[in-house]
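Visitor: Before I ask anything, here is the structure I am working with.
The values are calculated or read from the model by the stated rules, or taken from the named source; none is laboratory data. This is a predicted model, so every value here is computed, not measured. Please note: Cβ atoms are built from the backbone with ideal geometry, for glycine as well, and neighbour counts cover all protein chains shown.
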Amino acid sequence: MRYKINFALPVVNQKHLLYAHSNFAFMGWVTIVLMVLMVNYLLRHGVSTNYKKYNWILITGCFTAYGMFISFIIQGYGYFSISFSILSILVSWVFIFYYWFDLNKVIDKSYAPKWFKAALILMAIASLGEITLAYLMVNFSTVQDYYFAALYFFLHFQYNGWFLFVCFALLFSHLFTKGFLPTVAINKHLFIIMAITVAPTYLLSILWLKLPRSLHLLANISAILQLLVLFYFVRLFPAVKKNIPRKITGTTRYLWTMAAIAFILKIILQTFSIIPFFSNYAFGFRPIVIGYLHLSFLGIISFFVLGYINQVLSEKGGNISRGGVITFTIGVLLQEFILMAQGLEVLNFEPLPYANIILFYSAIIMGGALIWIATTIKKGSSLKVVRE
């Protein structure tokens with residue numbers, strides 16, 4: 001995608017490539033890896049079930065992810081790409097059904113099962129946005145407001161719902177098993193606030209629509225209430241600080257710190273969106289939207305997941321490359337800086353020279369770092385992630 005922006009590549013449609021990129025990132029990376037780690041959670045808690053069904057779910061999920069990637073590049077929204085999209089939704093619903101049943105067998109006082117159940121509900125809700133989006137594209141709807149409302153619905157309940165709730169479930173479950181008992185009370189308060197605000201904060205994404213005053217008020221209240229998330233989240237740091245060096249590896253600590261910073265920034269930016277000036281500025285300028293989405297997708301979710309995988313591997317005598325992690329971080333930070341700098345152009349700042357070329361290089365840095373990480377995982381450990 002970054003290459004085509006800078007150089008000629010007439011055989012590829014940029015919009016089709018964008019659809020392929022987003023769908024593959026969601027299903028091919030985050031959804032699959034979160035499902036793996038959730039099954040890993042069942043194994044760690046000794047749940048007796050037929051795990052072969054999860055193997056088939058994951059294999060089918062990978063198949064649909066690659067099917068979407070290829071078909072979206074070739075035809076955009078068409079018969080094959082939508083068929084693979086529907087199949088991916090069915091895979092997620094099957095996973096929800098089986099996982100909910102098996103989760104009821106878990107005995108865990110860390111509050112993690114509630115996070116997981118909320119995440120499953122939010123994944124199902126998010127799929128409604130994807131279905132609506134496909135319907136609008138197939139019927140060539142010319143009402144852009146409908147398209148963006150459906151798109152932001154899907155994104156919101158993925159980023160702020162399904163993805164985020166699973167990460168918190170994994171985090172608190174891990175902290176609890178390592179003896180961080182003071183986090184249990186914080187965990188409960190954090191869960192309640194996030195569960196209450198996750199639906200109404202969707203309104204923050206569509207404030208540019210002509211919403212009734214009551215919905216504007218609800219959006220404002222939920223955004224302010226969400227600030228309590230920061231209060232309880234920050235309270236986690238002193239609660240675990242004394243034991244972190246002894247029980248969490250340096251690489252994991254680094255990645256989780258980056259994820260925590262990104263999470264704090266996301267909450268602050270989301271709260272600022274209740275101010276009309278910032279709302280119009282954010283949703284009216286594409287680089288800001290992309291920067292915000294990548295802050296969540298790369299800065300929160302990917303950093304946390306890589307840190308969690310590293311922690312699992314470290315307990316089996318393995319690890320992921322620290323050099324690869326640092327290089328990946330450089331690529332992410334460079335991309336975020338350029339996207340936000342581009343956003344300043346709307347405030348009459350001078351355009352950043354060579355911005356698209358720098359973004360292309362940042363993509364190469366991130367891609368190269370991920371290959372570095374994937375190919376240097378200590379042998380004998382990578383296959384044990386699901387059976388910690």
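Visitor: Is it the case that Tyr66 is modelled with pLDDT of 90 or more, over 30 Å from Val138 (Cα atoms) and in a helix (DSSP H, G or I)?
Guide: For Tyr66, the condition - modelled with pLDDT of 90 or more, over 30 Å from Val138 (Cα atoms) and in a helix (DSSP H, G or I) - is not met.
Visitor: While we're looking at this one, here's another question. Checking the condition among the hydrophobic types (A, V, I, L, M, F, W, C) and modelled with pLDDT of 85 or more, which residue from Phe148, Phe80 passes?
Guide: Exactly one of Phe148, Phe80 is among the hydrophobic types (A, V, I, L, M, F, W, C) and modelled with pLDDT of 85 or more, namely Phe80.
Visitor: On to the next question. Kindly indicate the residue of region 95-110 that is among the aliphatic types (A, V, I, L, M) and touching a helix residue (DSSP H, G or I) at 6+ places or on another chain (Cβ under 6 Å) and also nearest to Leu34 (Cα to Cα) among those meeting that condition.
Guide: For region 95-110, the residue satisfying everything is Ile96.
Visitor: If you scan region 151-204, which residues turn out to be among the polar types (S, T, N, Q) and farther than 15 Å from Ile267 by Cα?
Guide: Within region 151-204, Gln158, Ser173, Thr177, Thr183, Asn187 meet the criteria.
Visitor: Considering each of Phe153, Phe116 in turn, give the residue that is crowded, with 22+ Cβ neighbours inside 10 Å and in contact with a helix residue (DSSP H, G or I) (Cβ under 6 Å, 6 or more places away or on another chain).
Guide: It is Phe116.
Visitor: To continue, here is another question. Taking Ala124 as the residue in question, decide whether it is at pLDDT 90 or above and under 26 Å from Leu155 (Cβ atoms).
Guide: Spelling it out, Ala124 is indeed at pLDDT 90 or above and under 26 Å from Leu155 (Cβ atoms).
Visitor: Here is a follow-up. Of all residues in region 369-385, count the ones that are in a helix (DSSP H, G or I), modelled with pLDDT under 65 and surrounded by 16 or more Cβ atoms within 10 Å (Cβ to Cβ).
Guide: Total meeting the criteria: 1.
Visitor: Hey, among the residues in region 268-282 that are crowded, with 18+ Cβ neighbours inside 10 Å and of a type outside the set (S, T, N, Q), which one's modelled with the highest pLDDT?
Guide: Ile274
Visitor: Still on this structure, I have one more. With respect to Val47, determine if the residue is touching a residue at least 40 places away in the same chain (Cβ under 8 Å), out of contact with any strand residue (DSSP E or B) (no Cβ under 6 Å at 6 or more places or on another chain) and either in a loop (DSSP other than H, G, I, E, B) or within 20 Å of Gly291 (Cβ to Cβ) (or both).
Guide: For Val47, the condition - touching a residue at least 40 places away in the same chain (Cβ under 8 Å), out of contact with any strand residue (DSSP E or B) (no Cβ under 6 Å at 6 or more places or on another chain) and either in a loop (DSSP other than H, G, I, E, B) or within 20 Å of Gly291 (Cβ to Cβ) (or both) - is met.
Visitor: Being buried (at least 19 other Cβ atoms within 10 Å of the Cβ), assigned to a helix (DSSP H, G or I) and hydroxyl-bearing (Ser, Thr, Tyr) is the requirement here; does Thr31 meet it?
Guide: Yes.
Visitor: Let me ask something additional. Within region 50-82, can you find the residues that are farther than 27 Å from His174 by Cα, small (Gly, Ala, Ser) and in contact (Cβ under 8 Å) with a residue 12 or more places away in the chain?
Guide: Selection gives Ala65, Gly67, Ser71, Gly76, Ser81.
Visitor: What's the total number of residues in region 198-235 that are of a type in the set (A, V, I, L, M, F, W, C) and either in a loop (DSSP other than H, G, I, E, B) or in contact (Cβ under 8 Å) with a residue 60 or more places away in the chain (or both)?
Guide: 7
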